[in-house]
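Undergrad: Structure in structure tokens, see below.
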Amino acid sequence: MTRTKSIAAALVSLCAVAVPWGQCLARAEDLSAPVTFSKDVAPIFQRNCQVCHRPATVAPMSLMTYDEARPWARSIRQRVAQREMPPWHIDKTQGIQHYKNDRSLSDAEIATIVKWVDAGAPEGDRKDLPLPVQFHDDDEWTIGRPDLIVTSPTHAVAANAADWWGDYDVPTGLTEDRYVKAIQTKPSKDGRFVNHHATVSVIQDADPFVAGGRPGAGEGGQVISNFSEYVVGKYGDIFSEGSGRLLKAGSRLRFGLHYHSVGKVVADRVSVAIVFYPKGYVPKYISRWITIFPEDFNDIEIPPGQLTRADGYYRLPKSARIDAFQPHMHMRGKAQCLEAIYPNVVDNPDSLPVNARSGATRREILACVDRFDFNWQAAYFFVDDEAPLLPAGTILHQIAIFDNTTANRHNPDATVWVGYGQRSVDEMCNTHVTAVFLSDADFKRQVSERQARRR
């Protein structure tokens, strides 16, 4: 008798007295049922993997068919079992766990893939295959058809040269204020091989709540504020219903680009696609990009051979809903958390979420990335009913851990001191937060409505 059959037999004999016989047989059958690509694995790949693992994307191989996936079976097993793929780095032991863009695998899905590989990766009956997913061409946009595309000048990256950083300012051409429903930034097809990242800022009249505390001064009293970003792992931003970002008439976009050479000359143009709300529509809420970093971010000190912690703080000037969290570090980055330190509202505890009303410190971990990966930097979008609702005066606390030891497999040199800098071998410590500021009345209403739904 095989080990699987003996386990199944034991299950039948032991559980029959505790659960209905039909359920017991179903459990035994599940343990011994074969797992095939066509019936069991292909649907998982469609839901969680093929968005990247298909032709002409950043992934190293396609997983669209059995013939494409079979040679990689052992590698797939290893990466999946270690939760390295799909890339989803949220700590599953603390903080909010439900996200709009979660492509991580469940324990059952991981077990299915492991069992498939251990059984020799059988194909199964092709009649069991689900209908293939129809993906957009890579030139199309994940946010839908854009109303406006703003593109940087062409930049030729030399075959062999030091990394290049620079800015290009491009007018939007807008003659009236418009509210943005969705944004996406990406390089050209060839450019993605040389484009390390692209940050896009908007230069326009000041917004009193643009924070992250250091917008740069523009001409004529204008300011520079964060607008959009391209980095491997991040797709477009689609703002929550009823919220958007304001793009004013006469505004300009500043493309902040970082290129590195790959042994041949490559030309790139970075484009920003924008979907507007209808003309005349004014969303109730403005979505803002807040960046949190240590106060002395230029003085980050990471000694060789050590784990180092850095902290940053931002006090909310108004009540707010946090829609997304995106950590940013470089090669020594190990983990990063976003914590809420609530104000001491003794006279009105109902203004706080239920889980923040007790305890002397009134602190709550909102989200953590415990396996930060510099090569895949995603933004994590909270589902609507769990997006943190925070009262005015709440302090957003950034906690970042750097690993400058040989245990960090991404570390290029554990013997050197590391400080702040633009190069990948230097370090940064940013937490990008997408926030919607709320009036006191709106905040109390949203808290009450959420609590009522959970009763």
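The values are calculated or read from the model by the stated rules, or taken from the named source; none is laboratory data. These figures come from a predicted structure and were not determined experimentally. Backbone-built Cβ (ideal geometry, glycine too); neighbour counts: all protein chains shown. Note: accessible area is taken over every heavy atom of the protein model, side chains too, but ligands, DNA and RNA are not part of it. Shrake-Rupley method; radii C 1.70, N 1.55, O 1.52, S 1.80 Å.
Undergrad: Rolling a 1.4 Å sphere over the protein heavy atoms, what is the accessible area per residue of segment 222-301, to the nearest Å²?
TA: Values: 3180 Å² over 80 residues.
Heavy-atom SASA per residue in segment 222-301 reads 40 Å².
Undergrad: Oh, and also: Per residue, how much accessible area does segment 63-181 have with a 1.4 Å probe, in Å²?
TA: Details: 7210 Å² over 119 residues.
Computed with neighbouring chains in place, this is 61 Å² per residue.
Undergrad: Also, I was wondering about something else. Rounded to the nearest 0.05, what FRET efficiency do residue 156 and residue 56 give with R0 = 30 Å and r taken as the Cβ-Cβ distance? Could you check? Walk me through the intermediate numbers first.
TA: Numbers: r = 22 Å, r/R0 = 0.74.
Efficiency at R0 = 30 Å is approximately 0.85.
Undergrad: Then there is this: So, in nm, how far is label residue 383 from label residue 70 when the simple model puts each one 7 Å beyond its Cα toward the Cβ?
TA: About 3.8 nm, to one decimal.
Undergrad: Within 10 Å, count the other beta carbons around each residue, average over each peptide in 415-428, 255-268, and list them highest first. Intermediate results must be reported in sequence, preceding the final value.
TA: Details: 415-428: 15.2, 255-268: 16.9.
Result, highest mean Cβ count within 10 Å first: 255-268, 415-428.
Undergrad: On the accessible surface of segment 224-304, probed at 1.4 Å, how many percent belong to carbon and sulfur atoms? Walk me through the numbers before you get to the answer.
TA: Numbers: 1660 of 3200 Å².
That fraction is 52 percent.
Undergrad: Students often get this wrong, so check it: of 92/334; 248/284; 279/318; 186/264; 100/186, which have C-alpha atoms separated by over 24 Å?
TA: Working: 92/334 16 Å; 248/284 17 Å; 279/318 28 Å; 186/264 21 Å; 100/186 21 Å.
Pairs exceeding the cut-off: 279/318.
Undergrad: Okay, next question. Under a 1.4 Å probe, what is the accessible area of segment 387-444 per residue, stated in Å²?
TA: Values: 2100 Å² over 58 residues.
Roughly 36 Å² per residue, with all protein chains present.
Undergrad: Same structure, new question: Please enumerate, by chain and number, the aspartates and glutamates with C-alpha under 18 Å from the C-alpha of residue 444, excluding those fewer than 8 residues away in the same chain.
TA: 323, 347, 350, 384, 385, 386
Undergrad: Less than 19 Å apart at the alpha-carbon level, and either on another chain or at least 8 residues along: which lysines does that give for residue 127?
TA: Output for residue 127: 39.
Undergrad: Can you tell me, using C-alpha contacts under 8 Å and at least 6 residues apart, the relative contact order of segment 393-440 as a whole percent? Walk me through the numbers before you get to the answer.
TA: Details: 23 pairs, mean separation 9.9, N = 48.
Dividing the mean separation by the residue count of segment 393-440 yields 21 percent.
Undergrad: Can you give the FRET efficiency for residue 311 and residue 131, using 1/(1 + (r/R0)^6), R0 = 51 Å, r = Cβ-Cβ distance, to the nearest 0.05?
TA: Numbers: r = 50 Å, r/R0 = 0.97.
Approximately 0.55, to the nearest 0.05.
Undergrad: Would you mind classifying segment 52-209 by shape? Square roots of the alpha carbon gyration tensor eigenvalues, ordered a ≥ b ≥ c; an a/c under 1.5 is rounded, otherwise it is prolate if a/b is larger than b/c and oblate if not. The partial results should precede the final answer.
TA: Numbers: a/c = 2.16, a/b = 1.84, b/c = 1.17.
Prolate.
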